[in-house]
Amino acid sequence: MAMIPPFSMQPVLQSQLVLARPLEADDFDELFAAASDPLIWEQHPNPNRWQKDAFENYFRGALQSQGALLVTDAANGQVIGSSRYSDWIAETSTVSIGYTFFIRRCWGKGYNYALKHLMLNYIFQYVHHVTFYIGAVNKRSQISLERFGGQKIGEKELAYFGEAPKLDYVYLITKAQYLHLL
């Protein structure tokens, strides 16, 4: 039997730029509209997620994860992306953050940075390590996470929900590293 984390894997988090709240089944249409831009997924290991059938699989996996967050623009409520917590491991005090995407209007404007800060600030109240699994072909996300202080610690073949295995790079941010950056 899986242990239930001593914290919510789907908190409500808000900053001046973003509001993240638990993903719900009724969010499909708005989130798919945000995700249906092929350029969002061009560097992703599964570049067809902009297509409805591939996105439906991604969305089912997000709901089943019980850690997915819908991200909206805090100024106007527009759905701008998604992210999630996953893979809580009590023995190592570790949680993963991933599956994050934003609409292109938000790229390079601090939205990803604001969301990562919110998510890390929240989760580091409960764990000491956060891992990120980033597709080996996703240079944009690798650079972003390295700027954020993430350190590549390995490589791993992973199969996302209902998809074929792909090579991911594993990054780590420890609580101590993160607090030092603040």
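The values are calculated or read from the model by the stated rules, or taken from the named source; none is laboratory data. Treat the numbers as computed from the prediction; the structure is a model and nothing was measured. Because the Cβ atoms are built from the backbone with ideal geometry, glycine has one as well, and the counts that use them run over all protein chains shown. What goes into the accessible areas is simple: the full protein's heavy atoms, side chains included, and nothing from ligands, DNA or RNA. Shrake-Rupley method; radii C 1.70, N 1.55, O 1.52, S 1.80 Å.
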Subtracting the Cα-Cα distance from 0.36 nm times the residue separation, let me have the gained length for residue 64 to residue 26 in nm, one decimal. 12.3 nm
Whether the chain is rounded, prolate or oblate, judged on the alpha carbon gyration tensor where a/c under 1.5 counts as rounded: rounded
Expected vector for segment 118-127, Karplus 3J(HN,Hα) from phi with 6.51, -1.76, 1.60 and θ = phi - 60°, integer Hz, x for Gly and Pro, equals 4, 5, 6, 4, 5, 6, 6, 6, 10, 10
Any residue on another chain or 5+ positions along whose placed amide H is under 5 Å from the amide H of residue 82 is listed here as 71, 101
Would you work out which of 68, 93, 117 lies farthest towards the positive end of the dipole of segment 43-147, given +1 charges on the beta-carbon of Lys and Arg and -1 on that of Asp and Glu, about the Cα centre? 117
Rounded to the nearest 10 Å², what accessible area does residue 88 show when all protein chains are kept and the probe is 1.4 Å? 50 Å²
Name the shape class, rounded, prolate or oblate, that the alpha-carbon gyration tensor gives for segment 93-182, where a ≥ b ≥ c are the square roots of its eigenvalues, rounded holds for a/c under 1.5, and otherwise prolate holds if a/b is larger than b/c and oblate otherwise. oblate
With charges set only on the Cβ (+1 for Lys and Arg, -1 for Asp and Glu), what does the dipole of the chain come to about its Cα centre, in debye to the nearest 20? 600 debye
Among 63-75, 36-48, 9-21, the order from most to least packed when residues are scored by Cβ within 10 Å on average: 63-75, 9-21, 36-48
Once neighbouring chains are kept in place and the probe is 1.4 Å, which whole percent of the accessible area of segment 1-111 is contributed by carbon and sulfur? 52 percent
To the nearest 20 Debye, how big is the dipole of segment 75-182 about its Cα centre, given +1 on the beta carbon of each Lys and Arg and -1 on that of each Asp and Glu? 540 debye
Give me the 1.4 Å probe accessible area per residue for the chain, excluding ligands and nucleic acids, in Å². 51 Å²
Quick one: what are the phi-derived ³J(HN,Hα) couplings along segment 51-64, Karplus 6.51/-1.76/1.60 with θ = phi - 60°, whole Hz, x for glycine and proline? 7, 4, 5, 5, 5, 4, 5, 4, 5, 4, x, 5, 4, 5
